[in-house]
Amino acid sequence: MNRRLEIMERAPVSKALAYLGLPTIVGLSVTGFYQLAVSFFVAKMGTQAMGAISIVYPLVLIMPGIGLLFGNGGAAYIAELLGAGEKEKAETVLASTIFYCILLSVITQLLLPAMPILLVHMGASSGVLPLALEYGRILVLSFLFHIPSVCLANLVRAEGNASLSMISQMTGAVLNVVLTPIFLFGFGWGIRGAAASAAVAQFTAFCILAQYYLRGKSYLKLDFRKVRFQWWILEPVLKIGVPLLCINLFQSISMAAANIAAAPYGDAVVAGLGIANRVIGMTTLAVTGFSRGYQTFISYCYGAGRPDRIRQATKTAYLWGMLGGLAIAVVQIGFSGGIVSAFSNDAEVISVGVQALIAGSLLFFTYGFQSMATVYLLCIRYSKAGFVFSIFRQGLAFLPLLFLFDRLFAVTGILYTQAVADLVTTALLLLFLGITKRNRTAALAQAAEKAA
């Protein structure tokens, strides 16, 4: 048996979760850090430049979500097939999901002619729009390899190789941080330099991951002759991948909606909110990273018919996720002034950014529970419930609350919408898990019998 698969099969649960989770935490955290670093350099160009990348940021989240759709969905299904000993099927799923992802990355280029109208609808003012276009057009071009890179980073984890995913993300992040000031100021490219450095970094990460398969180093062999457009592949991939895509989709939509709501209050409010969103976005990636390692583990155990390991892993994941979220929230609140002022010298931007960071951090620890619970429901085939909760935090809860609070409390209402959405989402998740406990136990027992 492959050593990485053996860890998922036989190692103590806490060791397996750490083995799979820590590299993804590091990799995604570094990805979030480089986004912050880019913000730091762009902020030197002024409030409108900061507003421009804040407007485009939802696209940075949503388009790689296509990679998450097939990467996460494919990884979960592949891990389940490996747990059941179905290597041949797993290789067919691998080739097919990568091909689907490449195809859709080409289709995203249709966004280019629509960029001016799209960015205006996303909240770009007349002063911000030209800079947002310069930045956004290059980023859309980079989706050709960024989206497949995101997909591959998830698929390599399906066979337990979380470290390669981390290496690709860290290499891309470091390269981006180094190149951004060079392109931005050294070459005099302005905001286009920030986008160009991101594109170079993403292409490098893609090459690192692609060579793993092309040079035959992987446990699963990539052969595009195995690509199939068949429902037995698409159904399980989409049932997990679509809800996880929707998490990114509604994060993007909620940020765009918040920008639109904030736009009438001025560019400084949009910029301050954008700084806070990027900081919280980075730390959200850390929690998300652990949930992806947890996802790989319980998908494998579900295929192998090991409900005991699923239960133990889920309890551990809840605890670690909430404790990690609490530690992050304490840091974000305690150092909010210093964090925000590192990105702007504008007093109004700093004031809004500090308020936004504190408000967004108040109930951040609940995200650790929410993300693990959603992944758990999806991986044990509670697809409908998993889908509802994947869109609830940033969609079904956030958007109506944003509309209401904007009208009742103006800027303050916009800033505190996320905290209230977290409270409502957590309460409903706890209620659902309590009501369905007996049925979920029975379903896991049946899955174990089927795998035996």
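The values are calculated or read from the model by the stated rules, or taken from the named source; none is laboratory data. Since the structure is predicted, the reported quantities are computational estimates derived from the model, not experimental observations. Cβ coordinates were reconstructed from backbone atoms using ideal geometry, including for glycine residues, and neighbour counts include every protein chain displayed. The accessibility values were calculated without ligands, DNA or RNA, using every heavy atom of the protein model including side chains. Shrake-Rupley method; radii C 1.70, N 1.55, O 1.52, S 1.80 Å.
Look through the stretch 88-101, keep the residues that are more than 14 Å from ALA153 (Cα to Cα) and free of Cβ contacts under 8 Å to residues at least 60 places away in the same chain, and return whichever of them is nearest to the chain's Cα centre (by Cα).
Looking at the filtered set, the residue picked out is TYR100.
Does GLY337 qualify as being touching a helix residue (DSSP H, G or I) at 6+ places or on another chain (Cβ under 7 Å), on the phi > 0 side of the Ramachandran plot and of a type outside the set (Val, Ile, Thr)? Walk me through it before giving the result.
Numbers: touching a helix residue (DSSP H, G or I) at 6+ places or on another chain (Cβ under 7 Å): yes; on the phi > 0 side of the Ramachandran plot: no; of a type outside the set (Val, Ile, Thr): yes.
Spelling it out, it is not the case that GLY337 is touching a helix residue (DSSP H, G or I) at 6+ places or on another chain (Cβ under 7 Å), on the phi > 0 side of the Ramachandran plot and of a type outside the set (Val, Ile, Thr).
Hey, can you tell me all the residues within the stretch 110-137 that are β-branched (Val, Ile, Thr) and modelled with pLDDT of 90 or more? First the steps, then the outcome.
Applying the first criterion (β-branched (Val, Ile, Thr)) to the stretch 110-137 yields 117, 120, 128.
Matches in the stretch 110-137: ILE117 only.
Residues in the stretch 129-162 that are open to solvent by less than 10 Å² (accessible area, probe 1.4 Å) and of a type in the set (Asp, Glu): how many?
1
Please find, among GLY186, GLY190, GLY172, the residue that is modelled with pLDDT under 90 and within 14 Å of PHE145 (Cβ to Cβ).
Values: GLY186 fails: within 14 Å of PHE145 (Cβ to Cβ); GLY190 fails: within 14 Å of PHE145 (Cβ to Cβ).
Just a single option satisfies the conditions, and that option is GLY172.
What's the total number of residues in the stretch 339-357 that are within 24 Å of ILE25 (Cβ to Cβ) and open to solvent by 50 Å² or more (accessible area, probe 1.4 Å)?
Going through the stretch 339-357 one residue at a time, the tally reaches 0.
If GLN295 meets every condition in (1) surrounded by 24 or more Cβ atoms within 10 Å (Cβ to Cβ); (2) without any contact (Cβ under 8 Å) to a residue 24 or more places away in the chain apart from one, which number is that one?
All conditions pass for GLN295, except number (2).
Taking GLY172 as meeting all but one of (1) closer than 24 Å to LYS44 by Cα; (2) of a type in the set (Gly, Ala, Ser); (3) surrounded by fewer than 22 Cβ atoms within 10 Å (Cβ to Cβ), write down the number of the exception.
Of (1) closer than 24 Å to LYS44 by Cα; (2) of a type in the set (Gly, Ala, Ser); (3) surrounded by fewer than 22 Cβ atoms within 10 Å (Cβ to Cβ), only one is false for GLY172: (3).
ARG4 is checked against (1) modelled with pLDDT under 80; (2) under 22 Å from LEU175 (Cα atoms); (3) open to solvent by 30 Å² or more (accessible area, probe 1.4 Å); (4) not hydroxyl-bearing (Ser, Thr, Tyr) and fails just one. What number does that condition carry?
Unmet for ARG4, out of (1) modelled with pLDDT under 80; (2) under 22 Å from LEU175 (Cα atoms); (3) open to solvent by 30 Å² or more (accessible area, probe 1.4 Å); (4) not hydroxyl-bearing (Ser, Thr, Tyr): (2).
Just name the residue that is nearest to the chain's Cα centre (by Cα) out of those in the stretch 61-87 that are buried (at least 22 other Cβ atoms within 10 Å of the Cβ) and of a type in the set (Val, Ile, Thr).
ILE66
Scan the stretch 327-340 residue by residue and report those that are under 21 Å from the mean Cα position of the chain (by Cα) and touching a residue at least 40 places away in the same chain (Cβ under 8 Å).
ILE328, GLN332
Would you confirm whether any residue within the stretch 121-128 is free of Cβ contacts under 8 Å to residues at least 60 places away in the same chain and surrounded by 20 or more Cβ atoms within 10 Å (Cβ to Cβ)?
No; the residues of the stretch 121-128 include none that is free of Cβ contacts under 8 Å to residues at least 60 places away in the same chain and surrounded by 20 or more Cβ atoms within 10 Å (Cβ to Cβ).
If LEU238 satisfies every condition in (1) in contact with a Leu (Cβ under 8 Å, 6 or more places away or on another chain); (2) more than 22 Å from GLU91 (Cα to Cα) but one, which is the exception?
Evaluating LEU238 over (1) in contact with a Leu (Cβ under 8 Å, 6 or more places away or on another chain); (2) more than 22 Å from GLU91 (Cα to Cα) leaves (2) as the failure.
Can you find even one residue in the stretch 323-334 that is under 30 Å from ALA49 (Cα atoms), in contact with a helix residue (DSSP H, G or I) (Cβ under 6 Å, 6 or more places away or on another chain), open to solvent by less than 30 Å² (accessible area, probe 1.4 Å) and among the hydrophobic types (A, V, I, L, M, F, W, C)? Write out each step before concluding.
So in the stretch 323-334, the residues under 30 Å from ALA49 (Cα atoms) come out as 328-334.
Cutting the leftovers down to in contact with a helix residue (DSSP H, G or I) (Cβ under 6 Å, 6 or more places away or on another chain) gives us 328-329, 332-333.
Among the residues that remain, those that are also open to solvent by less than 30 Å² (accessible area, probe 1.4 Å) are: 329, 332.
Filter once more, keeping what is among the hydrophobic types (A, V, I, L, M, F, W, C): 329.
Yes - at least one qualifying residue is present in the stretch 323-334.
Grab the helices (runs of 4 or more DSSP H) fully contained in the stretch 359-452, keeping just those with 2 or more residues being buried (at least 22 other Cβ atoms within 10 Å of the Cβ) and of a type in the set (Val, Ile, Thr).
Where helices (runs of 4 or more DSSP H) fall fully within the stretch 359-452 and carry at least 2 residues being buried (at least 22 other Cβ atoms within 10 Å of the Cβ) and of a type in the set (Val, Ile, Thr), they are 365-379, 398-435.
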